[in-house]
Amino acid sequence: MKRVLLHSTFWLVYLLQDTVLEFVWMGPALKNIPENVQFWLAFKAAVAAVVPKMLFTYYVLYVAIKQVIQGMLKLHLVILQVIAAAIITIIFYRVVFVYYINPVIYAGVLKERPLFHILGVLLAVMDTGFVSGIAITLKLLRIQLAAREREKNLIKEKLEAELLFLRNQTNPHFLFNTLNNIYALARKRSEHTAEVVMRLSKLLRFILYGSKRNVITIADELKVLDDYIALEKMRYERLTIHFHREIDDPTNKIAPLLLLPFVENAFKHGASESRFDSFIRIDVQLRQGRLTFKIENTKEDNTTAEIRDNIGLRNVRRQLELMYNEYDLQLQNEPGTFSVQLFINLTSYAQV
C-alpha cells in the first residue's frame, strides 16, 4: 500500500508539472481559447503522453534493473533490451502525439509534422528520458540505502554473535577455576565445601541468566565480585584483600562480567602461586558515569617480562572494543606486583 501511494504521488506531481509546461508551451497557439480550457487541454495532453513514458519507466525499474541485480542476463544483453524498449517507446510516443494529441485534443492547431520528424523525436527522447531518469535514480538510491541497511544489520549481528561467543568463552573459564577451588577444599575435607558449592550455584545462576542481558547495574556487577571473592577467600589463610569502592550512582549500567576476569587473574596468578603472605587490592570509583577500576596483587617472581594476554584478558579487551567508544586499559608487571587500571566512560556504550 505504501509503495502504491508513493508511486501515485510521484506520477501526480510529474503530471502537474508536465501540464504546466504544456500549458505554457501551447499558450501562444491557443490564445483565442480561455485559459481554464487551455489548462484542461494541456492536462489531457499530459495524461496521454505519460502512458508510453510510464511503460518504459516500469520496464526499466522492474525488468531491466532486476535482471542486472540478480544476474539473470549478461549486462550487454540487458543494455540491448533497454535500447530496443526505448526505440519502441519513442515510436509509441510519436504515434500518440501525431495521431491523438494534435488532431484530437488540440484539433489540428499545431502544424502537421511527419511521424519521425527530427525535432519531434528529440523532444520524445528528452521528455521520456527526463521522467524515467528521475524514477530510475530514485529506485537505485532506494536499493543502495536498503543494501547499506542490510550491511549495517549484518555487521551488527556479527558483532553480537562475537560478543556472545566471548562471554560464553569467559563463563566456562570462570567455572573451571571455581571447580578447582571446590576440588582443593574437598581434598582438605574443609567445612567450607558446602558453603562454596552454595555460593557457586548463586554465581552460576547469574551467569546463566543475568549475563545474557546487554547491560546490568554496577551494583549487580560488584555483587558478583563480592561473591567470587568470598568463594576464593576460603582457600587462602595468608591473603589480605582490600576492596574499596566509591559509587555515586549504583544504578549506572555496565556490560556484565566485565570486571570479573581481572579479579580471577589476581587470585589465579597471585594468591594461588604465592607461598608467603600476599595481598589483593581492589579500588572501584564511579563518578558521573565514568568508571575507574584498579586491582593490584602480589606475585612470586620479580620479573618485569612483557605481559601476555590469557583468554580472560584477551576477551575483555575485545569486549571493550565492541561495547565502548571511550575506554583505557593499562597493565603493569612490576617486580613482586601485577596491577591493572581500567577506565570506562559508561555513557559511551556502543549498543552493538
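Per-structure values
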| read-out | value |
| --- | --- |
| Spin-label model distance (nm) - Leu204 vs Arg187, 7 Å beyond Cα toward Cβ | 2.1 |
| Distance cut-off 17 Å, percentage of C-alpha pairs in segment 45-96 lying past it | 38 |
| Distance (nanometres) between label positions extended 7 Å along Cα→Cβ at Arg287 and Thr217 | 2.3 |
| Net length gained if the chain between Leu122 and Thr251 were fully extended (0.36 nm per residue, minus Cα distance) | 39.4 nm |
| Convex hull (Cα only) mean projected area of segment 198-269, reported in nm² to one decimal | 5.2 |
| Added length on full extension, which subtracts the Cα-Cα distance from 0.36 nm per residue, Glu35 to Tyr236 | 62.3 nm |
| Relative exposure of Trp40, Trp25, judged by other C-beta atoms within 10 Å (fewest first) | Trp25, Trp40 |
| Relative exposure of Ile134, Ile118, Ile282, judged by other C-beta atoms within 10 Å (fewest first) | Ile118, Ile134, Ile282 |
| Percentage, to the nearest whole number, of Cα pairs in segment 65-159 over 24 Å apart | 47 |
| Segment Arg314-Leu16, extension gain: residue separation times 0.36 nm, minus the distance between their alpha carbons | 100.9 nm |
| Charge-dipole axis of segment 1-102 as Lys and Arg at +1 and Asp and Glu at -1 on Cβ define it, positive-most pick from Phe43, Val24, Val60 | Val60 |
| Label point distance in nm, Tyr100-Leu145, each placed 7 Å from Cα along Cα→Cβ | 3.3 |
| Kirkwood-type radius of segment 1-152, with distances r between different C-alpha atoms, in Å | 17.2 |
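Every number here is computed from the coordinates shown, using simple stated rules; none is lab data. All values reported here derive from a predicted model rather than from experimental measurement. Here the Cβ is made from the backbone with ideal geometry for all residues, glycine too, and neighbour counts use every protein chain on show.
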